[in-house]
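Scroll down for the structure; my scribbles are underneath it.
The values are calculated or read from the model by the stated rules, or taken from the named source; none is laboratory data. Owing to the predicted nature of the structure, the values given are computational and were not obtained by experimental measurement. Cβ: placed from backbone, ideal geometry, glycine included. Neighbour counts: every protein chain shown.
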Amino acid sequence: MNVALQETLPVVEPSATSGALSLLWVIIALPALGATVILLLGNRRTSGFAHLLGCATVVGSFVLSLVCFVTLLGRGEEERQVVQKLYTWVEAGSFSADFALLYDPLSALFLLLITGVGSLIHVYSVGYMEHDARRARFFAYLNLFVAAMLVLVLADNYLLMFLGWEGVGLASYLLIGFWQHKPSAAVAAKKAFVVNRVGDIGMALGTMLVFTTFGTVAFAGVSAAAGEASQTTMTVLGLLFLLAACGKSAQVPLQSWLLDAMEGPTPVSALIHAATMVTAGVYLVVRSNFIYDHTEAAQTAVVVVGTVTLLWGAVIGCAKDDIKKALAGSTMSQIGYMMLAAGLGPAGYAFAIFHLLTHGFFKANMFLGAGSVMHAMDDDVDMRHYGALQKAVPVTFLTFALGYLAIIGVPPFAGFWSKDKIIEAAFGENLVVGTAALLGAGITAFYMTRVMLMTFLGSKRWERGVHPHESPKTMTVPLVVLAALSAVGGLLLLGDWVVEWLAPVVGAEEHHELAVPPIVVSLVVLLVVAAGVGLAVALVGRREVPRTAPTSVSFVTRAARADLYGDAINEGLLMRPGDSFVRGLVSFDDHTLDGAVSGTGGAFGGLSSTFRRMQTGFVRSYALSLLLGALLVVVAMLAVNL
Amino acid sequence: MNLPLLTIALLLPVLGAVVVAVLPQAGHGTSRVALPKQVALGVSLLTLAVVGYVGIAFDTDGARYQFTETHEWIRVFGAHYALGVDGIGMTLVLMTAILTPVVILASWYDGDDGRWGANAFFAWILVLEGLSICVFAATDVFLFYVVFEATLIPIYFLIGGFGGPRRSPAAVKFLIYNLLGGLLMLAAVVGLYVVSARSAVGPTYLLSELTTVPIEQSTARWLFVGFFVAFAIKAPMVPVHTWLPDAAEEGSAGTSVMLVSILDKIGTFGMIRFCLQLFPEASQWATPVVLTLAVVSVLWGALAAIGQDNIPRLIAYTSVSHFGFIVLGIFVLNSYGQTGSTLYMFNHGMSTAALFLVAGFLIRRRGSQLISDYGGVEKVAPVLAAMLLVAGLSSLSLPGLSPFISEFLVLQGAFAHGWWWAAAAVLGIVLAALYILLMYQRTMTGPTVPSVAGLKDLDVREVAALAPLVLLIVVLGFFPQPLTSMIDPAVAATLEQVGATDPAPTVPSAPSEAAATEQESPE
């Protein structure tokens, strides 16, 4: 069976780009150019046109992505992998890595997601950031992000992917800390970068192990020879890339940065910390399918991480009063679903990507909706100060509602199709994992219903002086588009399209025989979702929501409010001991080591007593020692000659 | 083309220094004579032009050492005035020539309030440039040694004459450490002479001849240690690094750049040029100890940097960490590690220079070196903050900026040598993120503290000084090829002498890949 399996595994064997596809590099170059122009000219000089330039470049990239996609659609299945080598990036001794772009069905979908949702969020930001004096700078960073993200998903090798990987990390750092006069924003930005760097250890070591094993870092070379490497190597690789994925995708145990990242402006949360960047970990695992397919141990680790995170994030989402943090917990949880699916191998890769796409639509939609609500409520994020907003912001309400229906998985909206498939596949793998995924669906329904009720329904609990109003067109139009996509995103599964489209990259879906027909699973899922909704209505909808969070709550709620003590654990295990260690080391360096070496050195050369005297008569002493040295040389040489 | 270009390149700044020294004193106040400064800048730019020409004319497929000059100097010793550059030396000579005008422009007013006036400051800088070019181009061990020691003089006066309040102790500490190293090296230099004089080759200090002299194993190991310790102090590596933070704290920003970006490289350059080439067996023998020290330096320097409140000290410690990486790459004895190391030396030169200079601009404005005295500077000086961030990001080796490539190559080399070396050293990338971003967060972000509220942003001169550094950092992050293609053949030649080869991949990928890489012609 194993041999048969290996023969069916897909191999990355791209041909050179031609025709419309040779414009691939322009897709990256456009936003990169936008960022460069705005950053070089500066905020003040570009404030008149930066938002237009920012939008134009990303929309341009979207159009090109569409053109490329259509071109790829028109090709036969075997010709859907192309590579565009721009130049040799790094060449040192026997190491070499190209600046080369790999365009295949997987990157094609990502391109559409990144530039499509990216365009909408750029447009939205025109309105959202209108009154910010540094709006031009904001657009430069957004453009920079899009360019880096495109490099990440178009790279044809691990080193170039690393460039995009940390590039998006930089953009994320800059944007979380965009309002850096707020200490909380600056701290959150730094935290995100540092935690991601921990994950990057995995990315760096993984790339190195790939090179020492295969003699190349290109996906093509690795996938061709993957079957010949040892099991241990593949497992270690799988675990290293999983570490990287945990950092970027905020999976347990590297999840702690994502909630803090909500300090960034809301469009950033929508684009980077919901729709695109945080899903890069899932992309990494799916892209590295040729590694994971050879190591069950690493696959299991991916499944475990995904399962734990999907519950972890969901529980956090239940207890947050900050609308963005509730959504952020939800993002963690949903990415947990994707990870879980990605860990299932060919049975789940396509569904991981499918859910990634639909999640990109509905989560971006809801984040932007949250931004629109905040816009209406004078930037208040506390849902306890909301309530009864459905009439005040009708467009926001309706679009948000579509996102809500999609995420909790009500048919026929997008999330139903994608989440259902993952739960089904999870049951095919293992009963425990399946049950956890099912439970997660129920909790999702609970916390999302809670968000809906607290924000749009119930009674007005507004702060004094707040006059909610609907947002301008630049903000509502993207909402409408995203809401539409949230509604119909499930169409991607029509006729198993997305599964077959991705098959050349990730392999054909293995069919798991379930003990019960799939329709039974779907019905059970719907029942659990209904239960979650019902519970939320009973606990939140039927009661008056207090304007301040009650303090006498259960242990679980307290834990969930504290992000399940993720920060406390980091603090206790790493930061405090680390801090003392650094202080001890500095003191040792300043006193003990310095003294010991100076002392020994001093005694050795008989200089320790003359240390101070030399300051004044120094030049003489210096000349003397040079002379002494020279004399020594002469004596030695004469000695040899004699 | 028989012009002795290297001699011209090193004499230009030295002669320029003499001119600057005798010109009427530059200064501030009413007189405001700028001529000596302008001459200094002009001379350094002229030197850059000459060195730039040499760099362009350097033939990457040509002989190992190019632009060679050999003149007998002291016949009895077999000492020669012998110059020549391979790709490694060329890279460092280029770095020196690029950094000197940057330092001069950035330090325009830094010499004014020193002990001996601005003329002396700029003259010493130029002397230092000339000596550095000479030391990187020397192909005679005796010449190298003499110049190696001679570089101490200008830097001693630069620290002792133009620094902070405790500059004298710092200068003396610097000197004692380096003189001790120098003495050890002197003993080894004498030993080399003894060995060569007794061999069939006869007394010689020419590198090309010394490499053919057979040296007994135990002797070679002793000599290796003599050279290595001197270089380790210079580089500096833990545990002999403590002179550097003091020197950086007391020296002016420009002095620190000359010291850390250029002079310290003599240590790591010496390891490649002399330790490896003269004592290949001993180098292999010492490798485990050296690699351990290197990794300890990487982590120790980074941790100490995290704990600093003083900005120049912090930067000095980051350099201890970076020098750990450089030594690591040298002694893993494979092609990418060593090419990475030389590239690292160049990139670190640019990146640390940018960091020291921006920090210097900041400190000069506010009059404090302490991080805790700052806060919210971004709001009042956005350009300064942006420059600090770019320099900082390059120091933490962000992909897209040049230090990433060299650091990755070094780590890749370490991994190929033994994964555990890379696994330990890679922790440095997390620590680097901490020391840079903590510093940035504490100084630049948050509410603006009153004492920096009136701070002026960078002026045109300051931006002009930083611009070439930032440009190189970004461009070489995407196109490192001009440097790597120069360094590669020199590294290959070094490794051949050491008798080291790259480990083969455990699972060689499809042969078509390798063939495709082979056939690629340089475009």
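Checked against (1) within 7 Å of chain B (Cβ to nearest Cβ); (2) touching a Cys at 6+ places or on another chain (Cβ under 6 Å), A:G199 passes all but condition (1). Put simply, of B:G78, B:G117 the only residue that is closer than 30 Å to B:A493 by Cα and modelled with pLDDT under 90 is B:G78.
Condition (residue is more than 14 Å from chain A (Cβ to nearest Cβ), out of contact with any Gly (no Cβ under 7 Å at 6 or more places or on another chain), part of a helix (DSSP H, G or I) and surrounded by fewer than 23 Cβ atoms within 10 Å (Cβ to Cβ)) applied to segment B:367-375: is it met by at least one residue? Checked against the condition, which is being more than 14 Å from chain A (Cβ to nearest Cβ), out of contact with any Gly (no Cβ under 7 Å at 6 or more places or on another chain), part of a helix (DSSP H, G or I) and surrounded by fewer than 23 Cβ atoms within 10 Å (Cβ to Cβ), segment B:367-375 yields at least one hit. Considering segment A:378-431, the residues that are among the aromatic types (F, W, Y) and not in a helix (DSSP H, G or I) include one that is surrounded by the fewest Cβ atoms within 10 Å (Cβ to Cβ), namely A:F413.
A count restricted to segment A:86-130 and to residues that are among the small types (G, A, S) and either within 14 Å of chain B (Cβ to nearest Cβ) or free of Cβ contacts under 8 Å to residues at least 24 places away in the same chain (or both) stands at 6. The one condition from (1) without any contact (Cβ under 8 Å) to a residue 40 or more places away in the chain; (2) under 25 Å from A:L120 (Cα atoms) that A:V516 does not meet is (2). Scanning segment B:298-335 for residues that are among the β-branched types (V, I, T) and not in a helix (DSSP H, G or I) yields a single hit, B:V332.
Restricting segment B:397-420 to residues that are surrounded by fewer than 24 Cβ atoms within 10 Å (Cβ to Cβ) and of a type in the set (G, A, S), the residue that is nearest to the chain's Cα centre (by Cα) is B:G400.
Pick out the one residue from B:T211, B:T242, B:T255, B:T219 that is among the polar types (S, T, N, Q) and at the interface with chain A (Cβ under 10 Å from one of its Cβ atoms). It is B:T242. In summary, A:T71 fulfils each of the numbered conditions (1) in contact with a helix residue (DSSP H, G or I) (Cβ under 8 Å, 6 or more places away or on another chain); (2) surrounded by fewer than 18 Cβ atoms within 10 Å (Cβ to Cβ); (3) of a type in the set (S, T, Y) with the single exception of condition (2).
In segment B:15-31, of all residues being surrounded by fewer than 17 Cβ atoms within 10 Å (Cβ to Cβ) and assigned to a loop (DSSP other than H, G, I, E, B), the one that is modelled with the lowest pLDDT corresponds to B:T30. Applying a threshold of 7 Å to beta carbon distances and a minimum spacing of six or more residues, or different chains, the list of pairs starting in segment B:155-184 at a residue that is among the β-branched types (V, I, T) and ending at one that is surrounded by fewer than 23 Cβ atoms within 10 Å (Cβ to Cβ) and in a loop (DSSP other than H, G, I, E, B) reads B:V172/A:F611; B:I176/A:L607.
Screening segment A:3-81 for helices (runs of 4 or more DSSP H) wholly inside it with 2 or more residues that are of a type in the set (K, R) returns the ranges A:43-46.
Taking the listed residues B:F356, B:F346, the one that is more than 16 Å from B:T484 (Cβ to Cβ) and of a type in the set (F, W, Y) is B:F356, with no other qualifying.
Going through (1) more than 7 Å from chain B (Cβ to nearest Cβ); (2) over 20 Å from A:Y283 (Cα atoms) one by one, A:A220 falls short only on (2). Checking every residue in segment B:36-43 against the condition of being modelled with pLDDT under 90 and more than 28 Å from the chain's Cα centre (by Cα) gives zero matches. Please list, ordered by first then second residue, the pairs with beta carbon atoms under 8 Å, 6 or more apart or interchain, first in segment A:46-59 and without any contact (Cβ under 8 Å) to a residue 24 or more places away in the chain, second in a helix (DSSP H, G or I) and crowded, with 18+ Cβ neighbours inside 10 Å. Taking only residues 6 or more apart or on different chains, the pairs are A:A56/A:G34. May I ask you to verify whether B:S252 is modelled with pLDDT of 95 or more and buried (at least 24 other Cβ atoms within 10 Å of the Cβ)? When the stated conditions are applied, B:S252 does not pass them.
Checked against (1) under 24 Å from the mean Cα position of the chain (by Cα); (2) modelled with pLDDT of 95 or more, A:L24 passes all but a single condition, namely (2). Somewhere in segment A:202-210, is a residue over 26 Å from A:V83 (Cα atoms), free of Cβ contacts under 8 Å to residues at least 60 places away in the same chain, of a type in the set (S, T, Y) and more than 7 Å from every other protein chain (Cβ to nearest Cβ)? No, segment A:202-210 has no match at all. Cβ separations smaller than 7 Å between residues 6+ apart or across chains give the following pairs from segment B:435-464 residues that are free of Cβ contacts under 8 Å to residues at least 12 places away in the same chain to residues that are surrounded by 17 or more Cβ atoms within 10 Å (Cβ to Cβ): B:Q441/A:A186; B:Q441/A:V187; B:Q441/A:K190.
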